[in-house]
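*Asks:* Below is one structure. I have some questions about it.
What follows is calculated from the coordinates using simple rules that are stated; it is not laboratory data. All of these numbers come straight from a predicted model, not from anything done at the bench. Note that each Cβ is placed from the backbone with ideal geometry, even for glycine, and that neighbours are counted across all protein chains shown.
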C-alpha cells in the first residue's frame, strides 16, 4: 500500500538505466561494425565504442541536473565561440602568418578553446535569462516551474498536506524528490516502532495524494551527491526548478529564507486560519486543569490554543461559558484570557406555586434548603 509510491520511483530509475544500457550496447556494436580510426580488430573497436557511449551517458546525467536557462545560455555561448573561432581562422589564413600544418593546428585549437569558453561562460550567465519574457513555450515552462511545490519529509509525515490538497488550495505540481522518498523509507524501516509508524504514515499520505484527481504528483530523480543534508538538497532543488518548498520545519524555513527560496509553512497557515476571538465575546470551554495563578483554570480549543480562565479553579472537568477579556499573540502561538462569572451562570430561583407549597409543608421544605446549602458550600 504505502510502499507503492517508493516502488514507482525505483521502477522509473530502473527503466532509465535500461535505456542507457541499450544505448551503450548499440554504440559498441556500431563501433565493431564500422571500425573507426583505422581499428582493424573488433576487440580494439569495442573499447572505443564503450568509451564513447560512457562519455555520452555521463554528459546526459549531468545535463539532466542543469536548468533550462543554463542549457540555453551554454548553447548560445558555444555558438558564439564557434563563430568567433571561424572569423579568427579566416583572418589568420588571409594573413599567411602560419604554414599549412601550423595553421590547421591553430584553427582547431581556437575552435576548441573559444567553444569551451563560450559553453562555460554562457552556462554560468544563463541564470540571468528571463524565459517568461520570451512567451510561448518558454513562458509556459517558467510559469509551471514557479507554481511547483516541493514537499519536505516532515510535511509528508505530518499528513495535513493531504487535507490541503483535497481543498484545491495548492496550484501547480507537487514535486517529491527521490532523496525524500529514500529518507521516508529509512524511517519506515527503522527499528524504533515510533519512527517506523511515522514513516509508514508518510508513505500512506503520499499514496492518498497520488489518488487525488485534482493533484499532479511528480517524482524527480535529481540528486546532489556533494550535499549530504536533505534540507540543503531541497534548497538546491528549489533553486534549480524555481519552485517553493512546503514544510513545517522551523529550521528549514529560516535557512531557505537566507538562500532566498520561497517557503510555504504549514504551521504558519494553521495559525493564520485560527478563529478570531475579540474581547467581550462569550465562548464555551472545557476546564482541563488548574492554572499557575490563584483560582485559575486552563482550557484548550480544538486547534490547541490555550485559554486561561479566572475564577475557574473549582470548575475543573466541567464545561462552562466564559467571557473573553484579552487575546495575547506570542511567537509560540495565541493565548486567550477569560473570566468565569459564577453568579451569572446560576439560574435565578423561580417564584411559582411550588415554592409556596414547600413552605407550607414543613418536612418537605427541608430538601430545597439542603440542596441550597450544598450549592453554597461548593461555591465557597
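*Asks:* Using mean Cβ contacts within 10 Å as the protection proxy, how do 241-247, 211-217 order, highest first?
*Replies:* The most tightly packed comes first, giving 241-247, 211-217.
*Asks:* If you don't mind, another one. Stokes-Einstein at 25 °C, 0.890 mPa s, Kirkwood radius from Cα pairs: D for region 20-138 in µm² s⁻¹?
*Replies:* Stokes-Einstein gives a translational diffusion coefficient of 142 µm²/s.
*Asks:* Let me ask something else about it. Give the calculated FRET efficiency between residue 83 and residue 103 to the nearest 0.05, with a Förster radius of 25 Å applied to their Cβ-Cβ distance.
*Replies:* Once the sixth-power term is evaluated, E becomes 0.85.
*Asks:* Could you sort 75-88, 161-174 so that the peptide with the highest average Cβ count within 10 Å comes first and the rest follow in order?
*Replies:* In descending order of packing, they fall as 75-88, 161-174.
*Asks:* On the principal axes of its Cα set, how long, how wide and how thick is region 282-345? Give whole Å, largest value first.
*Replies:* 35, 21, 21
*Asks:* Kindly give Rg over Rh for region 144-272, based on alpha-carbon atoms, with the Kirkwood expression for the hydrodynamic radius.
*Replies:* Using Cα coordinates only, the ratio equals 0.94.
*Asks:* Here is a follow-up. At what distance in nm do the modelled label points of residue 283 and residue 260 sit from each other, each positioned 7 Å from its Cα along Cα→Cβ?
*Replies:* Roughly 4.1 nm, to one decimal.
*Asks:* Relative to the present Cα-Cα distance, how much length would full extension add between residue 121 and residue 63 at 0.36 nm per residue of separation?
*Replies:* Full-extension gain reported as 19.3 nm.
*Asks:* Sticking with this structure for a sec: If you count, for each residue, the other Cβ atoms within 10 Å and average over each peptide, how do 299-308, 151-160 line up from highest to lowest?
*Replies:* The densest-packed peptide leads the list: 151-160, 299-308.
*Asks:* Please provide three numbers in whole Å: the alpha-carbon extents of region 198-293 along the principal axes, with the largest listed first.
*Replies:* Sorted from largest, the Cα extents of region 198-293 read 55, 35, 24 Å.
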